[in-house]
Amino acid sequence: MARATLAVIVGNRDFFPDKLVSEARRDILALFAEMNIEAVMLDETATKLGGVETWDDAKRCADLFRQHAGRIDGVLVCLPNFGDEKGVADTIKLSGLHVPILVQAYPDDLDQFSVERRRDAFCGKVSVCNNLRQYGFPFTLTDLHTVHPLTPEFRQDLEKFLGVCRIVNGLRTARLGAIGARPGAFNTVRYSEKLLQAHGMSVQTLDLSEVLGWVQRLPEDDARVAKKLADIKAYADYGSVPPPSLVKMARLGVVIEDWMDKNDLVATAIQCWTSLQRNFGVNVCTLMSIMSERLMPSACEVDITGVVSMYALQLASNSPSALVDWNNNYGNDPDKCVLFHCGNWAKAFIPDAAIKTAPILGTTLGEENTYGAMAGRTPAGPVTFGRVSTDDAHGLIRTYVGEGVFTDDPLDTFGTRAVVQVAGLQRLMRYVCKNGFEHHVAMNASHTAGVLAEAFETYFGWDVHVHE
């Protein structure tokens, strides 16, 4: 995981005690050292104790931020006292930074309301936020209005904020690969490239015939094929797969990853049926699983907004995501259902992963042509689910997010599968259906719905429904 870098503005107002600024700098640097965060902040000699108050301070701080703009993930505004709202807002404006902003204010102590220790940051935070809004800068707040940096509460705030930064900065520059046409029967995965592009996400398309042509032209002795074959065998139980099918998967994997590398793609959505089975004789699921496990998410059925959802959840948690179907009721329990795909889930979700066939596709395509599907059961644990969808009729992007748990309830079936429990599941399904969302949803083994909602709503302005 790459080390995060935050620009830090320590606000000051000169008729409050100066020593509070020095104390705040020490607190922030100590916390950053513990959390492996790099700070870009004024030296104590650059301005009065390294704080920001005046127009000249703002210019100096903004110049420092511009020098490091390429590696700054977000801005932390730290208010050890009331601070100067203009100094904070002017710094961000002059810096030209377009990253998330977290506003933190120190609490006063009841036994330290003297002139020597009084902060008034409770009030100053309101003024700073007022100015940020006037200047047009979206920002994130701590859970508590005032919170000391060296507390578990602020550490949690900061961890969430780093997730927000990863989502916002990741999606704003995401290059996505669409391999093949969507399955003809799946209008559900239609989407607007233009709406995605308006938020920084671009889609590179590739015809499936190009992929199959490149596969055919790979030399028999290409060392990359042997390496990919070994990679597949090391990844999951392959004992039931015929050797020729494994070689086909390896050749296909070389071509896909080569194309991704050449185009700097972070994620893919692939035409996984029926052309691959009819014209090449394998499923691509195992390759998609390997990519998702290695934090290069891959969605089936050319579901580009599905892979955007996967990527966002991955960025929130720094762990693999999967695309699933809201697939089956679980008996008579209204708060449980079965999540399923035939299956391309990352191995993180299926520790008993095995490479198998896809029995459902096999009924029409011949099961011998579907080797490469994954099989495994997700164990009990936390889950966050989410969906990004382009609402073309209204020209906007709509989302929903929520949390639940994977359970160990009995489930006798094939493919990649899980039982999930979500409080109020029937309400959620009603919302999904009434608002025209896809039957696909992304899942992640974490509880990060709040991070996703903050990134989607505050920094992208998307319509967000948080299921509670």
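The values are calculated or read from the model by the stated rules, or taken from the named source; none is laboratory data. Keep in mind that this is a model prediction, so the values were computed, not measured. Glycine also receives a Cβ, built like all others from the backbone with ideal geometry; neighbour counts cover every protein chain displayed. The protein model used for the area step is the full one, side chains on, heavy atoms only, and it has no ligands, DNA or RNA in it. Shrake-Rupley method; radii C 1.70, N 1.55, O 1.52, S 1.80 Å.
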List the residues whose amide H sits under 5 Å from the amide H of Val388, counting only those 5 or more places along or on another chain, with H placed 1.01 Å from N in the peptide plane. Ser309
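Looking at the calculated P(r) for the stretch 336-446, what percent of the C-alpha pair distances fall above 24 Å? Numbers along the way, then the final one.
On the way: 2127 of 6105 pairs.
Counting every Cα pair in the stretch 336-446, those more than 24 Å apart make up 35 percent.
Determine the gain in length on full extension of the stretch Asn187-Asp222; use 0.36 nm per residue of separation and subtract their C-alpha separation, reporting nm with one decimal.
Between Asn187 and Asp222, full extension yields 8.7 nm more.
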Helix 85-95 vs. the chain, principal-axis angle (Cα, 0 to 90°, nearest 10): 50 degrees
Please give the per residue accessible area of the stretch 186-299, computed with a probe of 1.4 Å over protein heavy atoms only, in Å². 45 Å²
Long-range HN-HN contacts of Asn283 with modeled amide H, under 5 Å: Tyr371, Gly372, Ala373
Quick one: Cα centre-to-centre distance for the stretch 244-278 and the stretch 325-375, in angstrom? 20 Å
Quick check on my link table: of Lys19/Lys48; Lys233/Lys347; Lys262/Lys347; Lys262/Lys356; Lys228/Lys248, which ones sit more than 19 Å apart, alpha carbon to alpha carbon? Lys262/Lys347; Lys262/Lys356
Scalar couplings 3J(HN,Hα) for the stretch 152-159 by Karplus 6.51 cos²θ - 1.76 cosθ + 1.60 (θ = phi - 60°), nearest whole Hz, x for Gly and Pro, are x, 4, 6, 4, 5, 4, 5, 4
At 0.36 nm per residue, minus the direct Cα-Cα distance, what do Lys194 and Leu144 gain on full extension? Give it in nm, one decimal, please. 14.2 nm
Under 20 Å from the 7 Å Cα→Cβ point of Lys93, by amide nitrogen: which residues of the stretch 23-60? 52-60
Along each principal axis of its Cα atoms, how long is the stretch 202-320 end to end? Whole angstroms, biggest number first, please. 39, 30, 26
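Give, to the nearest whole percent, the P(r) tail of the chain beyond 44 angstrom, counting all Cα pairs. Please report the intermediate quantities before stating the final value.
On the way: 24887 of 109278 pairs.
When all Cα pairs of the chain are counted, 23 percent exceed 44 Å.
Taking every eigenvalue of the Cα gyration tensor of the stretch 152-243, multiplying by 5 and rooting it, what semi-axes result, largest first, whole Å?
Output for the stretch 152-243: semi-axes of 35, 24, 14 Å.
Ranked highest first by average number of other Cβ atoms within 10 Å, how do 161-168, 245-252, 128-135 line up?
Details: 161-168: 24.9, 245-252: 21.9, 128-135: 16.6.
The packing order, highest mean first, is 161-168, 245-252, 128-135.
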Tabulate in residue order the Karplus-calculated ³J(HN,Hα) for the stretch 174-182, using 6.51 cos²θ - 1.76 cosθ + 1.60 with θ = phi - 60°, rounded to whole Hz; enter x for Gly and Pro. 5, 10, 10, x, 10, 9, x, 8, 4
Below 14 angstrom from the Cβ of Tyr238, what's the summed charge of the other residues (Lys, Arg +1; Asp, Glu -1)? +2
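For the stretch 1-105, divide the Cα radius of gyration by the Kirkwood radius and give the resulting Rg/Rh value with two decimals. Don't skip to the end; give the middle numbers.
On the way: Rg = 12.5 Å, Rh = 13.4 Å.
In the stretch 1-105, Rg relative to Rh is 0.93.
Only sites in a loop by DSSP and with at most 14 other Cβ atoms within 10 Å count here; which trypsin sites (Lys or Arg not before Pro) in the stretch 344-391 make the cut?
Answer by residue number: there is no such site.
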Round to the nearest 10 and report in Å² the accessible area of His68, as given by a 1.4 Å probe over the protein chains' heavy atoms. 50 Å²
Once phi for every residue in the stretch 48-54 is put through the Karplus expression 6.51 cos²θ - 1.76 cosθ + 1.60 (θ = phi - 60°), the whole-Hz ³J(HN,Hα) values, with Gly and Pro written as x, are 5, 6, x, x, 10, 9, 8
The stretch 386-422 to the stretch 208-233: how many Å between their Cα centroids? 33 Å
Would you kindly find the accessible area of Arg60, with a 1.4 Å probe and non-protein molecules such as ligands, DNA and RNA excluded, rounding to the nearest 10 Å²? 120 Å²
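Which net charge results for the neighbourhood of Val464, defined as the other residues with beta-carbon distances under 13 angstrom from its beta-carbon, given Lys and Arg at +1 and Asp and Glu at -1? Before the final figure, lay out the partial values.
Numbers: positive: Arg387, Arg398; negative: Asp391, Glu454, Glu457, Asp463, Glu468.
Net charge in that neighbourhood comes out at -3.
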Between His465 and residues 5 or more places away or on another chain, the pairs with built amide H atoms under 5 Å apart involve Thr399, Tyr400, Val401
Could you tally the net charge around Val247, taking each other residue with its Cβ under 14 Å from the Cβ of Val247, Lys/Arg +1 and Asp/Glu -1? +2
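Given a 1.4 angstrom probe, I'd like the percentage of the accessible area of the chain that is carbon and sulfur, rounded to a whole number. Please list the in-between numbers first.
Values: 9880 of 19470 Å².
Taking all protein chains in place, the chain shows 51 percent carbon and sulfur surface.
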Got a number for the accessible area of Leu229? Probe 1.4 Å, square angstrom, nearest 10. 40 Å²
Could you order peptides 15-25, 91-101, 284-294 by the average number of other Cβ atoms within 10 Å of their residues, highest first? 284-294, 91-101, 15-25
Heads up, the stretch 340-396 by the C-alpha gyration tensor (a ≥ b ≥ c square roots of eigenvalues; a/c under 1.5 rounded, else a/b over b/c prolate, else oblate) looks oblate
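Determine one quarter of the surface area of the Cα convex hull of the stretch 401-454, which equals its mean projected area, and express it in nm² to one decimal. It would help to have the intermediate numbers written out before the result.
On the way: hull surface 18.9 nm².
It is 4.7 nm².
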